[in-house]
Structures are given as C-alpha cells and as structure tokens.
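Here's the structure, in structure tokens; my notes come after.
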Amino acid sequence: MEYLSVKGYDKMELEEQKKHQISKILIALLIIIVILFIILKIVDLKNNSKYEKYKLDKTKEYVYTKYTSTKNNAKVPFINIKKEVITQVNNEIENDTKIYRNSDDPNKTVTYRYNQNKNILSIVLTFRDIDEEERLIYSYKTYVFDLANNCKILTDEEIIKKFKTTYAHVNNTIGKAMQEKYKDEVKKGYLDKNECNYKCFLEMRNITNYLDNVNYYIEEGSLVVYKAYDVYSIYGEEEYYTRNDFKFIIK
C-alpha cells in the first residue's frame with residue numbers, strides 16, 4: 001500500500017483550494033452578469049415606458065396594423081401617438097397607401113415594419129408594384145421620430161449627425177456593397193465581365209448616384225438605408241435579387 005507524503009498531500013490540498021476559489025469567482029461573475037442584465041432591462045423598460053403617455057390607445061403598440069387585405073397581403077400601419085405631427089404623418093400614410101391597399105392585383109401591395117428603441121421610433125413602408133412590362137418594382141418611404149423631442153421627425157442630416165457619420169461614408173458603404181454584388185453575379189454566371197463591366201452593371205440598375213433615393217431607418221440602434229434599384233435586365237438577373245438586397249447596414 002502506498003501512502004502520500006506530507007508534501008504530496010499539501011499539494012493536492014492546494015490544488016483543491018484553487019479549484020474551489022476559481023469556482024467561486026466564476027459563480028460570482030455569473031451573478032454579476034445576471035444582475036447587470038436585469039438592471040439594463042429595467043432601465044430599458046423605464047426608458048420605453050416614459051413615452052406611454054403619448055399613446056392614443058395604451059392597450060396597443062406604438063405602431064399597429066390599421067388596414068389589411070387578403071387579396072394582395074397588404075398591411076398599412078397606424079402610429080398610435082397623440083401628437084399633431086403624427087396625425088399629419090398618419091394622414092400622409094393613408095393617402096400614399098390607398099391605391100395599394102385597395103388593389104386586387106397580388107403584385108401591387110404595401111407592407112411595413114417598425115422599430116422602437118428608447119426614444120427613437122422608426123417606420124419603413126415597402127411599396128411593390130408592376131410596370132407596363134410586367135416587371136416587379138419596389139420603392140420605400142421611411143419616418144424616424146424622436147419621442148424625447150416632442151415626436152419630432154428627424155431629417156436625413158439629423159440622422160447622419162446622430163450616428164456621427166457622413167454622407168461620404170453612406171455613399172462608400174453603398175458603393176462597396178454594389179461592387180460586391182457585381183462580383184458575385186459574375187462569379188455565379190449571371191454576368192460576363194468581358195461583356196458587362198461595373199459601369200454597365202450600374203447602368204442596368206439605373207444607378208447614377210449612390211445617394212439618390214436613399215431612405216434612412218434606425219433598427220435596434222443601427223443605421224440602415226433602404227435603396228431600391230432596377231433588377232431586371234437582358235441577363236435575367238431578377239432571379240439573383242431579393243428584397244434584402246435593397247437594405248444596406250451603414251453603421
């Protein structure tokens with residue numbers, strides 16, 4: 001029978017103590033993380049609840065669906081806030097979406113999404129239509145409100161400033177994304193770079209300026225731009241594109 005020396009026993013005891021200390025530290029860190037998470041959630045709920053007083057109907061969300069259609073899956077929003085500026089926007093949305101929500105054509109429709117993060121409420125309307133050549137076309141319209149500033153509609157310049165960025169950065173981000181799309185189309189065989197270079201690609205997209213027809217949207221604290229462009233060409237590229245290709249994450 002073998003017996004541990006005193007030194008061997010002491011070494012094992014020290015290792016056990018170290019393991020015990022490490023376990024206690026990990027448990028303490030986990031508790032701290034959970035407490036911080038709870039605190040942040042409470043602060044976030046308090047920040048959001050500060051603006052509940054603005055609601056017309058406190059049983060509903062800040063934005064809810066006012067009109068729906070089973071004929072074309074249209075969804076039209078209503079902003080549930082009792083402010084004059086919001087009333088004007090609701091009237092504008094009502095007018096802009098009328099022909100879409102009343103359409104019997106499944107290709108002609110309107111949908112929306114919104115995001116409320118702290119004092120910022122953002123809404124994006126997505127319009128889908130069909131042209132005389134029976135090609136689907138998309139367009140967007142966005143609104144960004146500052147609930148902490150009397151529900152003011154933020155201008156493009158104010159949104160840019162809020163994110164401490166520039167139009168040049170937005171321009172470059174969209175440009176880089178379009179260049180990647182061009183390279184990917186070439187790689188997947190939709191385009192032959194010897195027949196259609198990047199300039200040709202932009203002409204088919206009807207893009208002469210990256211900043212034309214951009215719509216700013218704030219989603220979970222990130223700056224997003226929606227920009228629609230032509231996807232049809234003699235190369236059948238419409239199969240390559242989805243609605244996500246019109247969304248650009250800026251910052």
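The values are calculated or read from the model by the stated rules, or taken from the named source; none is laboratory data. These numbers were taken from a predicted model, which means no experiment stands behind them. All Cβ positions, even for glycine, are placed from backbone atoms using ideal geometry, and neighbour counts span all protein chains on display. For accessibility, only protein heavy atoms count, side chains too; no ligands or nucleic acids. Shrake-Rupley method; radii C 1.70, N 1.55, O 1.52, S 1.80 Å.
Summary table
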{"read-out": "Only Lys, Arg (+1) and Asp, Glu (-1) charged, at Cβ; the chain dipole about Cα centre in debye", "value": "1220 debye"}
{"read-out": "Simple label model, 7 Å out from Cα along Cβ direction - S23 to D212, nm", "value": "6.8 nm"}
{"read-out": "Residue-span extension gain [H169 to K187] - 0.36 nm each, minus C-alpha spacing", "value": "3.8 nm"}
{"read-out": "For the stretch 83-143, radius of gyration divided by Kirkwood radius, i.e. Rg to Rh on alpha-carbons", "value": "1.05"}
{"read-out": "Taking only Cα atoms of the stretch 137-251, radius of gyration then Dmax in Å", "value": "15.9, 55"}
{"read-out": "Solvent exposure of the chain as accessible area per residue, Å², 1.4 Å probe", "value": "64 Å²"}
{"read-out": "Sorted peptide list for 89-95, 132-138, criterion being average Cβ within 10 angstrom, highest first", "value": "89-95, 132-138"}
{"read-out": "Pairs beyond 24 Å (Cα-Cα), from K176/K227; K141/K161; K83/K227; K66/K227; K75/K183; K108/K176", "value": "K83/K227; K66/K227; K75/K183; K108/K176"}
{"read-out": "As computed over the chain, the Cα convex hull volume per residue (Å³)", "value": "273 Å³"}
{"read-out": "Cysteines without a disulfide-compatible neighbour (Cβ-Cβ under 4.7 Å), the chain", "value": "C151"}
{"read-out": "Helix-only mean residue ellipticity at 222 nm for the chain, each DSSP H run of n ≥ 4 adding -39500 (n - 2.57), per residue, nearest 500", "value": "-13000 deg cm²/dmol"}
{"read-out": "With every protein chain in place, the stretch 86-192: carbon and sulfur % of accessible area (1.4 Å)", "value": "44 percent"}
